[in-house]
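Take a look at the structure set out below.
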Amino acid sequence: MTSTQTQVTSVDADLSPLVAVVMGSDSDLQTLTPAIEVLEKFKVTFEVRVLSAHRTPLEMIQFAQEAESKNLKVIIAGAGGAAHLPGMIASLTTLPVIGVPVQSKALSGIDSMHSILQMPGGIPVATVAIGGGLNAGLLAAQILATSDSELRAQISHYRQKLRNQVIEKDHLLIKLGAKNYLRHIQKGGQS
């Protein structure tokens with residue numbers, strides 16, 4: 001996918017995307033896939049782009065400046081290394097931007113995290129954990145849910161399922177004891 005191509009996923013083809021998932025390189029797609037999957041799960045329309053703050057700065061600027069007029073509501077921007085993409089997009093739009101630090105080989109994503117976290121006062125970027133695509137997608141959905149009661153109910157149901165899973169694990173751990181629980185997991189049982 002080149003920087004000028006857009007993938008739009010929509011339940012209804014007439015709906016414009018509400019979230020943009022943007023990455024500095026297509027190698028970042030693996031990190032952002034959980035965000036895409038959670039948006040699909042909640043039936044949130046989105047587009048996916050490859051826009052580099054360093055290699056395609058003019059296209060990135062155009063995207064950020066047109067984001068509001070395209071009816072986007074939230075932008076998820078993943079980047080590794082110097083990780084300028086989330087901050088540069090945030091500097092060009094008033095839409096909420098969620099930065100996802102991508103794990104790098106040299107510094108394990110610490111460099112990316114610091115680059116995204118250290119935005120100057122006045123230009124915020126919400127930042128999730130290194131490799132935190134899932135939480136970025138969930139946060140984008142939660143932002144949209146502030147004005148969408150159906151989406152808010154879906155998120156509430158999702159969280160209830162998480163709660164139920166932990167309760168089930170706790171009961172099984174109590175029943176089996178720690179050593180047997182670990183054996184159960186190692187044999188492919190539900191953890």
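Points to keep in mind about this one:
Conditions tested, residue by residue: (1) of a type in the set (A, V, I, L, M); (2) at pLDDT 95 or above.
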{"position": "10", "(1), (2)": "no, no"}
{"position": "19", "(1), (2)": "yes, yes"}
{"position": "30", "(1), (2)": "no, yes"}
{"position": "35", "(1), (2)": "yes, yes"}
{"position": "39", "(1), (2)": "yes, yes"}
{"position": "42", "(1), (2)": "no, yes"}
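- Looking at 143, 174, 167, just one residue is surrounded by 13 or more Cβ atoms within 10 Å (Cβ to Cβ), among the β-branched types (Val, Ile, Thr) and modelled with pLDDT of 95 or more, and that residue is 143.
- Filtered by the rule that a residue be among the hydroxyl-bearing types (Ser, Thr, Tyr) and within 17 Å of residue 89 (Cα to Cα), the stretch 28-69 gives 52, 56, 69.
- Of all the numbered requirements in (1) outside any loop (DSSP other than H, G, I, E, B); (2) touching a Pro at 6+ places or on another chain (Cβ under 7 Å); (3) closer than 29 Å to residue 156 by Cβ, residue 78 misses one, and that requirement is (2).
- Counted residues, the stretch 73-88 - those being out of contact with any Leu (no Cβ under 6 Å at 6 or more places or on another chain), of a type in the set (A, V, I, L, M, F, W, C) and crowded, with 18+ Cβ neighbours inside 10 Å: 5
- Output for the stretch 89-127, where each listed residue is within 17 Å of residue 49 (Cα to Cα) and buried (at least 20 other Cβ atoms within 10 Å of the Cβ): 89, 90, 97, 98, 99, 100, 101, 102
- Sole residue being closer than 19 Å to residue 141 by Cα and not in a loop (DSSP other than H, G, I, E, B), chosen from 68, 59, 40: 40
The values are calculated or read from the model by the stated rules, or taken from the named source; none is laboratory data. From a predicted model like this one, the values you see are computed outputs, not experimental measurements. All Cβ positions, even for glycine, are placed from backbone atoms using ideal geometry, and neighbour counts span all protein chains on display.
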